[in-house]
1. Considering the range 64-96 alone, what residues qualify as being among the basic types (Lys, Arg) and outside any helix (DSSP H, G or I)?
2. Those residues that are of a type in the set (Lys, Arg) and surrounded by fewer than 22 Cβ atoms within 10 Å (Cβ to Cβ), I need them from the range 102-152; list them, please.
3. Out of (1) closer than 19 Å to TRP170 by Cα; (2) within 16 Å of the chain's Cα centre (by Cα); (3) not charged (D, E, K, R), what's the single condition that is false for ALA92?
4. Can you confirm whether VAL9 is at pLDDT below 90, under 22 Å from ALA117 (Cα atoms) and out of contact with any Lys or Arg (no Cβ under 6 Å at 6 or more places or on another chain)?
5. Which members of the range 201-249 meet the condition of being modelled with pLDDT under 95, polar (S, T, N, Q) and under 26 Å from PHE36 (Cβ atoms)?
Amino acid sequence: MAEDDKALVAAPEEVAGRAAHAEVEPLPDPRACPNFDRLAVIYRWMELATFGPWLHRTRCAFLNRLADRRRALVIGDGDGRFAAQLLRAHPAIAIDAVDASPAMLRALVRRARFHAARVAPYVADARRWQPVAKTYDLVVTHFFLDCLTTDEVWRLAETVRGAVAEGSLWVVSEFAIPRNRFGKFVARPLVAALYFAFGALTGLRIRRLPDYAAALRGAGFALVNRRTWLSGLLTSELWTVSSGSALARDPDARERHERHPQGPKPASHSGDFGATEAVP
């Protein structure tokens, strides 16, 4: 076995030690925490076979808007293709990468290659992890929030809000179900099929998209830009926070949402393959 491979095999113990300093709570019952380890090697090929380049294009939609960021919290990035591209594009940025899958984190560190020194990996369930820093100016969750319930996204958003400052950005990429015929007859069955497949492969128990937008708004974030692809099936959003305006945290937002749930806000869409919407 090559020395680099040995280092990667040893990575779970090393990152577990780092995680201990981050006051990580024990992982929940494995039955409730999906296991993506077995998909780490084939994840890229599964994605290309089902959606071609579109998921990665969605992840990178706002990459050029992140040049001034210095410390990023990247949660559930899978095999690390976005993290690697972020590191290559912006040499001044450092990443704290959080994932419950040691195999996915090893893939992420391997993919970072010469930039791996700027990656601090943490094996942890993001639902219980407490940030090691209070100075993140960028948060990234690509196709991760759909693995959580709405209530879990609320708790995560509140935790993240305590670790970012005014002007910080949160990039979210997700599937969406537009409220039109395409959403009803194409997007909804497709999303249901994806949940079924990942449930069978990883033990994921979630079966519906969470209302992450309500959670982010309730934690004090505001949507500033949105891009969509494939008639609204895929969406990438840029959120920001400002403690000195109406975007400040709303402690009563969750209670209001529970009394009057509206469901996930549908992504805007067009008949084209892509659309951009600036949000005032």
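The values are calculated or read from the model by the stated rules, or taken from the named source; none is laboratory data. Keep in mind the model is a prediction, meaning the values are calculated, not measured. Cβ placement follows ideal geometry from the backbone for every residue including glycine, while neighbour counts extend to all protein chains displayed.
1. ARG69, ARG70, ARG71
2. Within the range 102-152, ARG110, ARG111, ARG113, ARG118, ARG127, ARG128, LYS134 qualify.
3. Here ALA92 meets the rest and fails (2).
4. yes
5. THR202
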